[in-house]
Amino acid sequence: MSKSDKSKAKSIDVAEKNFKEGYGMVNSHPLFSAMLYEAHISRDKNTLHRKDGLAFVANNGTIMCNPVIRSAPGEWARAIAHCLLHLGMCHFQKKDHPIEWNIACDYIVEKFLTELGFGIRLSEEAPSGISDEDKLYRLLLETTDKSQYIGYGTAGAGAADMLFGYKPRNYFRDPPDWPKLFAQGLTSAVQSAVHVASGEQARLGDNSFKNSAAERARQWFISSYPLLGAVAASFKIVSDNAICARMEIGIAAVSPSLSELYINSAARLTQDEMRFVMAHEFLHAALRHDARQEWRDAYLWNVACDYVINQWLTEMHIGERPDGILYDAQFKGMSAEAVYDRIVTDMRMYRKLATLRGVGLGDIIPGERRAGADVELDDFYRRALAQGLSYHQEQERGYLPAGLIEEIYALAHPPIPWDVELARWFDDYFAPLEKKRSYARQSRRQSSTPDIPRPNWVVSQFALDGRTFGVVLDTSGSMDRKLLAVALGAIASYSASRDVPAARVIFCDANAYDQGFMKPEDIAGAVKVKGRGGTVLQPGIDLLDKAEDFPKEAPILIITDGECDKVVLHGREHAFLIPREASLPFAPNGRVFRIRV
């Protein structure tokens with residue numbers, strides 16, 4: 001790297017560092033934090049900025065900041081706050097003389113910030129005198145000498161810092177009411193100043209004092225809601241805006257391994273909304289959603305868990321569900337795993353949704369999984385929920401969804417191995433056959449009475465007729481040989497133990513190949529993995545459906561690595577065998593057994 005390139009890289013790094021520090025100053029101030037939460041900060045290098053310009057603001061709440069200029073953090077804090085006040089003070093009004101109106105608004109905003117003592121002043125002289133935009137606007141229209149009122153904007157000398165005509169953004173919530181947020185900020189700033197004076201807060205904007213909305217909500221769970229009381233008591237509430245900004249937490253997030261719940265006070269939740277949000281995060285941790293993710297995509301798994309939890313909390317009437325959070329009645333009664341299997345088929349849409357942390361960011365924050373500590377953590381959450389459920393039901397503290405109760409009970413039991421589940425699946429379709437004694441084939445004679453013939457246990461051929469199932473086997477080049485060996489070995493042993501004489505086998509890669517009826521133990525030797533393209537399974541399914549010698553009620557077992565097309569089974573019972581880490585490109589209707597090779 002040349003000296004000029006190193007110098008340029010250093011300049012950009014310093015510019016970004018100063019900007020982030022200035023942004024943090026604005027975010028930690030109670031007057032501006034609520035407005036900043038709703039604004040959109042852009043540092044696009046393609047946006048045209050004057051060399052001396054810091055930022056300008058659009059009518060849709062976007063603040064465009066110069067990504068290269070190396071201003072001090074205090075100057076950045078002043079510029080961002082200036083742009084926010086344009087929004088909060090209703091300065092985006094259509095006027096006959098927009099230049100004079102922008103000058104008047106800049107002057108009033110800078111006068112406000114000077115009196116507040118926030119940031120570093122951008123102009124040489126401090127504004128004084130007039131405190132009304134409309135009055136100053138009329139004065140500017142009447143006077144020719146405007147020099148004493150010019151130079152208070154943030155876009156650079158002679159440039160307007162308010163841009164009209166921008167289309168509304170797609171907000172996570174409804175478009176914000178900027179004046180209302182500004183009024184809330186003023187109220188919060190006054191309250192925070194009182195708490196600082198009384199010693200309850202260490203500094204302005206510090207939300208860690210004991211009477212915060214988050215702490216009051218936590219105490220409510222401990223004293224009045226036994227299901228989550230023990231879980232709530234174990235968590236530390238972190239509501240520092242600077243920490244939330246650094247971790248990119250829009251509303252809330254949880255770290256189950258650290259037992260920390262993060263609440264961004266800039267989200268301005270009501271007390272009822274706070275209870276809903278905290279119960280949401282407590283359930284993420286207590287139900288071990290971080291550990292249950294396993295092979296799944298982290299963000300889509302988080303979204304699936306959000307849908308399930310928000311449905312439960314809505315039914316339980318815990319607090320009030322905030323506007324815009326993930327909720328869809330079509331997922332009612334479904335588990336998180338089932339919801340995941342459905343939404344994973346449309347990843348492009350569901351990746352655009354926002355959790356309580358934000359778009360593209362999961363509100364379940366993973367931590368280091370220390371072996372000993374993690375076992376203790378699992379045990380704690382299991383006991384806390386089990387005891388909480390018992391107290392909740394004994395004291396009749398309210399309705400609990402059946403799905404939530406089932407998950408709490410399930411936490412106390414380890415998951416069933418895939419091969420045991422597959423064995424149970426065989427049991428559902430192949431009930432034990434009644435065997436009868438017959439002399440047609442004699443059994444071994446006893447050594448003590450070798451002259452006495454004895455009958456053997458036999459199964460009638462009539463009972464074996466139609467006792468079969470179909471196997472649609474992915475034989476494309478992507479299939480793992482070890483996976484095939486384990487799956488076919490399990491099929492052979494279960495078929496033999498349940499008196500299934502033969503299975504109808506279809507091999508599939510780019511085409512379907514009918515192998516006819518085969519003894520289960522012979523299937524493995526006949527498999528030839530072919531290195532052809534993607535797998536097309538539907539022709540194999542259709543072949544079995546149309547086969548006259550294959551029973552209509554016989555189930556189908558589909559073995560694939562998940563790299564296949566979508567399949568449609570017309571009401572026939574079926575199941576899938578896939579690798580543990582794989583996923584199907586569609587929402588399956590039948591059972592899915594995940595093989596741990």
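Read-outs: derived from the displayed coordinates by stated rules, not from any lab. From a predicted model like this one, the values you see are computed outputs, not experimental measurements. Quick reminder, even Gly has a Cβ in these numbers, built from the backbone with ideal geometry, and neighbours come from all protein chains shown.
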Legend entry - Cut-off 12 Å between beta-carbons: net charge of the residues surrounding P73, Lys and Arg +1, Asp and Glu -1: +1
Inset, instruction - Show the residues, 5+ positions off or on another chain, whose built amide H is closer than 5 Å to the amide H of V471. - result: R504, V505, I506, L557
Legend entry - Helix 98-116 vs. the chain, principal-axis angle (Cα, 0 to 90°, nearest 10): 90
Inset, instruction - Can you put K20, K352 in order of Cβ neighbours within 10 angstrom, beginning with the fewest? - result: K352, K20
Legend entry - Environment charge at L313 (Cβ cut-off 12 Å; Lys +1, Arg +1, Asp -1, Glu -1): -4
Inset, instruction - Please identify every one of the GluC sites (Glu not before Pro) in segment 85-173 that sits in a loop by DSSP and has no more than 15 other beta carbons within 10 Å of its own beta carbon. - result: E124, E125
Inset, instruction - Starting from the Cα-Cα distance between F586 and Y409, subtract it from 0.36 nm times their residue separation and give me the gain in nm to one decimal. - result: 60.8 nm
Legend entry - segment 92-97 - phi-based ³J(HN,Hα) in whole Hz, Karplus 6.51/-1.76/1.60, Gly and Pro as x: 7, 10, 6, 10, 5, 10
Legend entry - the chain: angle of helix 133-142 to the longest principal axis, Cα-based, in degrees nearest 10: 50
Inset, instruction - Would you mind pulling out the separation of the Cα centroids of segment 529-595 and segment 52-119, in Å? - result: 61
Inset, instruction - Quick one: order I556, I237 by neighbouring beta-carbon count within 10 Å, fewest to most. - result: I237, I556
Legend entry - HN-Hα J in Hz across segment 392-404 - Karplus 6.51, -1.76, 1.60, θ = phi - 60°, x for Gly and Pro: 4, 6, 5, 8, 6, 8, x, 5, 10, x, 4, x, 5
Inset, instruction - Show that you can apply the helix-only estimate: for the chain, add -39,500 (n - 2.57) for every DSSP H stretch of four or more residues, divide by all residues, and state [θ] at 222 nm to the nearest 500. - result: -13500 deg cm²/dmol
Inset, instruction - Compute the relative contact order of segment 12-181 as a whole-number percentage, counting only Cα pairs closer than 8 Å that sit 6 or more residues apart in sequence. - result: 28
Legend entry - Ascending count of other beta-carbon atoms within 10 Å, so fewest first, for H570, H284, H317: H570, H317, H284
Legend entry - Long-range HN-HN contacts of A39 with modeled amide H, under 5 Å: none
